[in-house]
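A.B. asks: Sharing a structure here in structure tokens format.
Please treat every number below as a calculation from the coordinates, not as lab data. Given the structure is predicted, the values throughout are model-derived calculations rather than measurements. Quick reminder, even Gly has a Cβ in these numbers, built from the backbone with ideal geometry, and neighbours come from all protein chains shown.
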Amino acid sequence: MLTRETGTVIKEPGGRLPVAIVYPNSYRVGMSNLGLHQLYKLLNSYAGSMAERFFYEGSNQPVISLESFSPLKAFPLIAFSVSYELDYFNIPKILASSGIPVYASERREDDPLIIAGGACIMANPAPVAPFFDGLAIGEAEALLPGMLQVLREAGGSRMEKLEALAKVPGFLVPGITVAEPVKRVFLDDLDKEPCHTVLFTPDTEFGHMFMLEVQRGCGRGCAFCMVNRVFAPPRFRSLDNLLEAAREGLKHLNHIGLVGPLVTSHPQVEELVAGIRDMGAQVSISSLALKPLSERLLSELFQAGARSVTMAPETGSLKLRKHVSKHITDAEILQSIDRVSRAGFTGLKLYFMAGLPGETDSDIAAMKELVLECQKVFGRRSLSINIAPFVPKPFTQFEREGVMALELLEERLGFLTSELSARKVKVKTESPAWSRVQAMLSRGDERLAPVIASLEKPTLTGWRRALETAGIDEQDYLGIIPQGKNLPWDIISL
């Protein structure tokens with residue numbers, strides 16, 4: 001893989017602390033994650049550390065570093081970057097295949113220190129907490145300097161290092177951290193640390209573009225979304241900072257991908273796209289806000305080579321949109337799609353959710369009608385929709401809500417797929433059964449750790465069998481959580 005990469009850093013230890021960055025999924029998936037690029041850049045930019053990458057390609061592939069082909073156990077510090085709950089299943093496999101005890105309580109003096117960070121860990125680390133010696137609650141730019149300093153200065157024993165790590169703001173060390181919730185730490189000024197692609201390879205989904213982070217956090221406050229809490233406050237990089245980074249990116253690739261929860265909320269997004277276009281580059285934006293959506297922005301994007309756009313109405317009825325704090329009417333949605341059509345775009349993808357709290361059959365019927373109205377407005381161009389089952393997430397307004405019964409959710413998704421496919425709308429639905437597993441992992445506690453560790457293969461049958469063996473009823477995690485009941489993520493303060 002390295003032969004097809006540029007930007008790889010090969011460093012001799014030379015007194016530096018070697019850090020293994022582990023992304024618990026494949027190279028193709030991991031290299032699409034901008035957080036991994038940032039972590040790699042930061043650890044290799046500090047004078048006292050060096051980093052190498054590990055990925056998980058399946059049980060029949062060895063877990064060795066890309067840079068030096070070293071085994072994972074050779075690194076004194078191992079940092080997992082965890083972005084998706086379903087990747088939890090690969091964590092025990094990676095550790096066990098590397099000769100490292102899966103549970104932190106079983107590690108010996110000469111075993112590596114193993115920490116974890118990322119979106120899932122920041123929200124609720126409880127289901128995988130027993131696997132790690134330390135948990136990073138916050139953003140890497142704010143955490144790493146303090147972590148590296150105390151690990152260099154701490155005594156030689158494992159316990160001394162863990163005690164030192166527990167004193168770093170933003171770190172949770174199971175068994176050592178005091179009862180007070182750990183306060184999340186974050187980078188106050190994004191311009192202090194540029195965040196963009198640093199490793200270039202064609203062997204990944206976004207290998208054709210230079211990914212450039214525009215913002216963190218979101219001020220919209222949708223009731224189902226973690227971003228407006230876990231990555232708060234909303235922050236933007238300055239226009240000058242972004243244009244400078246884009247200029248550097250064009251030395252590698254001629255396509256700039258603007259990344260963020262809602263890039264179009266940047267106060268100078270039109271000037272940003274225009275400025276990059278003036279450099280002769282193509283520009284893509286991960287998702288457009290339906291409201292507001294300016295004609296100038298669409299024009300700039302089209303002139304910059306974009307031919308398809310993505311937007312998220314989320315639900316089909318005004319009643320349900322109000323319930324999830326998505327304040328936009330059908331007329332406003334159709335007006336935005338009309339602007340997209342008149343701007344010349346030939347592809348449109350719309351994201352919806354099914355199984356939301358309070359959803360009824362009439363809301364599903366309204367979703368079908370809204371999509372068909374969107375199709376009429378967009379014309380004969382390519383319209384596709386993606387429907388994801390609702391998964392209650394920590395730190396959201398819906399964190400205590402239950403998950404819709406599997407049979408009912410499958411019935412509603414089947415109805416939408418059948419009705420819309422017959423009208424030439426491309427429909428993709430995410431698995432309702434796997435969404436239930438994701439919901440359990442999202443809101444789970446430490447009782448799920450043995451279930452995750454015992455799973456030989458990540459299949460639905462294997463998961464259900466492992467739950468049964470552990471004596472766990474999935475409804476304990478999928479039902480409504482009563483008000484007043486403690487939550488696993490109460491150990492974190494945002």
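A.B. asks: As a check on your grasp of the helix formula, calculate [θ] at 222 nm for the chain: sum -39500 (n - 2.57) over DSSP H runs of n ≥ 4, divide by the residue count, round to the nearest 500.
C.D. replies: About -10000 deg cm²/dmol.
A.B. asks: Could you line up Asp473, Asp133, Asp338, Asp111 from fewest to most neighbouring Cβ atoms inside 10 Å?
C.D. replies: Asp473, Asp338, Asp111, Asp133
A.B. asks: Going through the cross-link list Lys349/Lys424; Lys11/Lys73; Lys326/Lys368; Lys326/Lys424; Lys376/Lys426; Lys393/Lys428, which pairs have a Cα-Cα distance over 24 Å in this structure?
C.D. replies: Violating the 24 Å Cα-Cα cut-off are Lys326/Lys424.
A.B. asks: Moving on. For helix 269-278, report the angle its Cα long axis makes with the longest principal axis of the Cα atoms of the chain; keep it between 0 and 90° and round to the nearest 10°.
C.D. replies: Its long axis makes an angle of about 90 degrees.
A.B. asks: In whole Å, how far is the Cα centre of the range 214-268 from that of the range 25-68?
C.D. replies: Computed from Cα coordinates, the inter-centre distance equals 23 Å.
A.B. asks: As an exercise, use a Förster radius of 41 Å and the Cβ-Cβ distance of Arg152 and Ser238 to find the FRET efficiency, rounded to the nearest 0.05.
C.D. replies: 0.80
A.B. asks: Restrict the search to the range 459-494; then list the trypsin sites (Lys or Arg not before Pro) that DSSP places in a loop and that have at most 12 other Cβ atoms within 10 Å of their Cβ.
C.D. replies: Within the range 459-494, the qualifying trypsin sites (Lys or Arg not before Pro) (loop, at most 12 other Cβ atoms within 10 Å) are Lys485.
A.B. asks: Within 10 Å of each candidate Cβ there may be at most 16 other Cβ atoms; applying that plus a DSSP loop requirement, which trypsin sites (Lys or Arg not before Pro) in the range 166-199 survive?
C.D. replies: Counting only loop positions with at most 16 other Cβ atoms within 10 Å, the trypsin sites (Lys or Arg not before Pro) in the range 166-199 are Lys167.
A.B. asks: Which value, in debye to the nearest 20, describes the size of the charge dipole of the chain about its Cα centre when Lys and Arg Cβ atoms bear +1, Asp and Glu Cβ atoms bear -1, and nothing else is charged?
C.D. replies: 940
A.B. asks: Quick check for me: using +1 on Lys/Arg Cβ and -1 on Asp/Glu Cβ, what's the dipole size of the range 190-445 about its Cα centre, in debye to the nearest 20?
C.D. replies: 340
A.B. asks: By a straight-distance test (C-alpha under 16 Å), which aspartates and glutamates pair with Lys183 as possible cross-link partners, with residues fewer than eight away in the same chain excluded?
C.D. replies: Glu139, Glu141, Asp490
A.B. asks: Here's another thing I want to ask about it. Restricting to bridges with both residues inside the range 190-445, how much of the DSSP beta-bridge set is antiparallel, in percent to the nearest 5?
C.D. replies: Taking every DSSP beta bridge with both residues in the range 190-445, the antiparallel ones total about 10 percent.
A.B. asks: Would you mind working out the magnitude of the charge dipole of the range 2-183 relative to its Cα centre, with +1 at each Lys and Arg C-beta and -1 at each Asp and Glu C-beta, to the nearest 20 Debye?
C.D. replies: Computed about the Cα centre, the dipole is about 220 debye.
A.B. asks: Need one word for the range 2-183: rounded, prolate or oblate. Basis is the Cα gyration tensor (sqrt eigenvalues a ≥ b ≥ c); a/c below 1.5 gives rounded, then a/b vs b/c decides.
C.D. replies: Judged from the Cα gyration tensor, the range 2-183 comes out rounded (a/c under 1.5).
A.B. asks: Starting from the Cα of Lys319, draw a straight line to each of the aspartates and glutamates and keep only those under 17 Å, dropping any in the same chain fewer than 8 residues away.
C.D. replies: Straight-line reach from Lys319, under 17 Å: Asp330, Glu332, Glu359, Asp361, Asp363, Glu369.
A.B. asks: Turning to a different aspect of this structure: Taking a ≥ b ≥ c as the square roots of the eigenvalues of the Cα gyration tensor of the range 285-330, is the shape rounded (a/c under 1.5), prolate (a/b larger than b/c) or oblate?
C.D. replies: prolate
A.B. asks: Let a ≥ b ≥ c be the square roots of the eigenvalues of the Cα gyration tensor of the chain; is it rounded (a/c under 1.5), or, if not, prolate (a/b larger than b/c) or oblate?
C.D. replies: Oblate shape, in that a/c is at least 1.5 and b/c is the bigger or equal ratio.
A.B. asks: Another one. Taking neighbour counts of Cβ atoms within 10 Å as a proxy for exposure, in what order, fewest first, do Asp278, Asp110 appear?
C.D. replies: Ranking Asp278, Asp110 by Cβ neighbours within 10 Å, fewest first, gives Asp110, Asp278.
A.B. asks: Continuing with this model, one more query. What whole-number distance in Å separates the alpha-carbon centres of the range 274-350 and the range 462-492?
C.D. replies: 38
A.B. asks: With angles folded into 0 to 90 degrees, how steeply does helix 432-443 sit against the dominant principal axis of the chain? Use alpha carbons for both and round to 10.
C.D. replies: Helix 432-443 sits at roughly 50 degrees to that axis.
A.B. asks: Something else now. Looking at the range 390-462, which GluC sites (Glu not before Pro) are in a loop (DSSP not H, G, I, E or B) and have at most 14 other Cβ atoms within 10 Å?
C.D. replies: Sites meeting the loop and neighbour criteria: Glu456.
A.B. asks: Lone cysteines in the chain, going by a 4.7 Å Cβ-Cβ cut-off?
C.D. replies: Lone cysteines by the Cβ rule: Cys120, Cys195, Cys218, Cys374.
A.B. asks: Identify all aspartates and glutamates with a Cα-Cα distance to Lys457 below 13 Å; exclude those on the same chain that are fewer than 8 residues away in sequence.
C.D. replies: Asp87
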